Amino acid sequence: MILVWKFLASFIVGSIPFAKIAMWGTGIDIKKVGSGNPGFNNVLRVSSKWRAAVALTGDISKGYIALWLLSSGDTSGFAAWIIGIGAVTGHCWNPFLGFNGGKGVATTVGVLLRL
């Protein structure tokens, strides 16, 4: 049962929309321009490299940090994978963006770096 809660917590961490955060102050809704995908590549396409770097760093970090925070020292390899999948799933099916998110590549990189 604890693994279910860790999965859900990881899902919420993975749902932080860094592409939208990176676009704060521009007046551009990242979901309405370019490909409509709230991810690093679309931010790079419609804005500056600096904002794209913020989105990329945030997306990688949320995968890494979710796994780091939620996998205590006694967590099995299986549980760590489930927690990591929760972060990627949260990014791809983001409840804050109407269950439409990014592709999950950068968040997966963060999870794999931690694993």
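The values are calculated or read from the model by the stated rules, or taken from the named source; none is laboratory data. Only a predicted model underlies this, so the values are computations on that prediction, with no experimental measurement involved. Cβ placement follows ideal geometry from the backbone for every residue including glycine, while neighbour counts extend to all protein chains displayed. SASA here: full protein model, heavy atoms, side chains in, ligands and nucleic acids out. Shrake-Rupley method; radii C 1.70, N 1.55, O 1.52, S 1.80 Å.
Per-structure values
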| quantity | calculated |
| --- | --- |
| Residue within the range 57-64 that is under 16 Å from residue 100 (Cβ atoms), open to solvent by 60 Å² or more (accessible area, probe 1.4 Å) and polar (S, T, N, Q) present | no |
| Pairs with Cβ under 6 Å, 6+ apart, first in the range 79-90 and open to solvent by less than 30 Å² (accessible area, probe 1.4 Å), second of a type in the set (Ser, Thr, Tyr) and not in a helix (DSSP H, G or I) | 80/71; 83/71; 90/15 |
| Those residues of the range 91-115 which are surrounded by fewer than 16 Cβ atoms within 10 Å (Cβ to Cβ) and aromatic (Phe, Trp, Tyr), in sequence order | 96, 99 |
| Candidate set from the range 1-43 (those that are touching a residue at least 60 places away in the same chain (Cβ under 8 Å), basic (Lys, Arg) and open to solvent by 50 Å² or more (accessible area, probe 1.4 Å)); member that is farthest from residue 55 (Cα to Cα) | 31 |
